[in-house]
């Protein structure tokens with residue numbers, strides 16, 4: 001040290017005087033002993049050759065003593081396949097990541113990462129299928145303290161066997177007796193399955209049949225299941241087993257079919273039928289609008305929840321309520337309809353907007369409140385009518401036009417409520433005027449009373465005169 005005789009240093013506490021420390025002439029300063037983990041501050045100030053020392057003119061730095069190894073927790077093996085596995089663990093301080101592994105506790109293989117982290121993850125690759133591996137983890141902190149976990153094991157999966165899965169969407173559907181419904185069956189290949197799989201269905205009610213298009217294929221592929229019922233198929237709920245068989249494998253899924261009773265429509269009450277409306281395809285999110293001819297239902301807008309194909313619709317306008325329906329819709333009935341549909345079930349329908357018309361002459365003749373006219377749907381299960389949300393659209397000289405939103409297609413009835421009678425106003429009674437009282441006039445005195453009055457006046461006058469002349473009015477003679 002040029003011009004410097006040496007240096008003083010002191011650990012942890014600041015010096016209180018020029019020589020309050022350890023003096024050394026070594027450069028650099030060595031041999032400092034630090035005890036106790038944690039932060040330690042060292043203060044250094046100089047002494048020159050003339051013996052001048054100023055402890056206030058000093059430098060300081062902080063030393064850290066760490067003798068505690070990191071704490072290892074949450075050691076796990078995950079993502080295990082036939083050839084790989086991921087080992088994870090955590091430490092309470094930043095440290096490196098090391099995994100020792102092998103088929104015995106001698107390990108022999110190592111994977112490591114020198115990054116100082118607290119969340120550790122090492123992926124082991126190149127493993128053999130169906131083998132149990134031993135492993136342990138190690139972590140070293142920045143101070144060189146090392147810790148190691150206990151031995152753990154994991155077993156790799158065996159060599160995958162090609163297979164397939166089967167599923168159906170939707171998983172349930174309803175159909176009116178004599179109608180049909182459809183669903184999509186999906187088969188998916190696993191680990192390279194490449195054999196042909198044939199499809200079949202069981203658990204069907206009597207009179208019902210099931211068909212698949214296509215009836216077989218090599219996964220992955222989809223097939224359309226169509227279930228058709230007869231008019232004699234018993235109403236109820238059935239569990240249909242859909243089975244796929246091929247490549248030495250058999251898998252199945254279930255479909256719940258609900259058959260609802262149909263309302264029989266006798267031919268003699270069918271006033272008119274619309275020409276069939278054929279719709280090749282309806283896609284979800286793309287409503288299909290169709291015109292209906294010859295009936296007071298003039299059009300339909302159909303929105304579906306899934307793709308449907310080859311839909312066929314016929315509207316029957318009826319002269320009366322079918323005999324099997326005990327009661328009519330609320331109010332006064334205007335007309336009944338039956339909408340026959342093929343290849344479209346209520347479960348596939350999101351909504352149907354039904355446009356219809358009502359003769360204005362019927363509204364007038366029956367005193368119907370036009371605001372109450374509604375389209376009602378009949379439920380053969382509950383045997384009840386449900387009024388549908390109905391909106392007035394427009395009118396011309398002959399008809400009033402409406403639309404209603406229905407969740408499905410079946411038997412409908414148009415009805416309305418009579419106008420409430422206009423109440424006759426109660427006349428306000430005219431107040432009776434109070435007669436003005438006639439002033440009371442004192443009755444004229446009778447003649448006898450008048451005579452007495454006159455006599456009294458005369459006597460009073462005599463008394464006054466006598467008093468004037470100083471004579472007593474009466475004096476008794478002596």
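The values are calculated or read from the model by the stated rules, or taken from the named source; none is laboratory data. None of the values given here were measured: they were computed from a predicted structure. Glycine gets a Cβ as well: all are built from the backbone with ideal geometry, and neighbour counts include every protein chain shown.
Filtering the stretch 276-328 to residues that are assigned to a loop (DSSP other than H, G, I, E, B), in contact (Cβ under 8 Å) with a residue 24 or more places away in the chain and exposed (fewer than 13 other Cβ atoms within 10 Å of the Cβ) leaves 276, 319, 323, 326, 327. Any idea which of 195, 211, 223, 182 is at pLDDT below 95, over 30 Å from residue 66 (Cα atoms) and not assigned by the TED database to the domain that holds residue 107? Within the list 195, 211, 223, 182, the selection yields 182. Of the set (1) farther than 24 Å from residue 82 by Cβ; (2) surrounded by fewer than 20 Cβ atoms within 10 Å (Cβ to Cβ); (3) in contact with a strand residue (DSSP E or B) (Cβ under 6 Å, 6 or more places away or on another chain), all apply to residue 207 but (3).
For the stretch 226-242, the set of residues classified as over 23 Å from residue 265 (Cα atoms) and either surrounded by fewer than 15 Cβ atoms within 10 Å (Cβ to Cβ) or assigned by the TED database to the domain that holds residue 381 (or both) consists of 237, 239, 241, listed by residue number. Between 37, 54, 114, 48, the distinction of being touching a residue at least 12 places away in the same chain (Cβ under 8 Å) and either touching a helix residue (DSSP H, G or I) at 6+ places or on another chain (Cβ under 6 Å) or assigned by the TED database to the domain that holds residue 152 (or both) belongs to 114 only. Filtering 358, 352, 381 for residues that are out of contact with any helix residue (DSSP H, G or I) (no Cβ under 8 Å at 6 or more places or on another chain), over 30 Å from residue 280 (Cα atoms) and assigned to a strand (DSSP E or B) leaves a single hit, 358. Taken over the stretch 149-164, the criterion of being at pLDDT 95 or above and either assigned to a loop (DSSP other than H, G, I, E, B) or over 49 Å from the mean Cα position of the chain (by Cα) (or both) is satisfied by 149, 150, 151, 156. Restricting attention to the stretch 2-32 and to residues that are surrounded by 15 or more Cβ atoms within 10 Å (Cβ to Cβ) and touching a residue at least 40 places away in the same chain (Cβ under 8 Å), the residue that is farthest from the chain's Cα centre (by Cα) turns out to be 5. Summed over the stretch 33-62, the residues that are modelled with pLDDT under 85 and surrounded by 10 or more Cβ atoms within 10 Å (Cβ to Cβ) give a count of 2.
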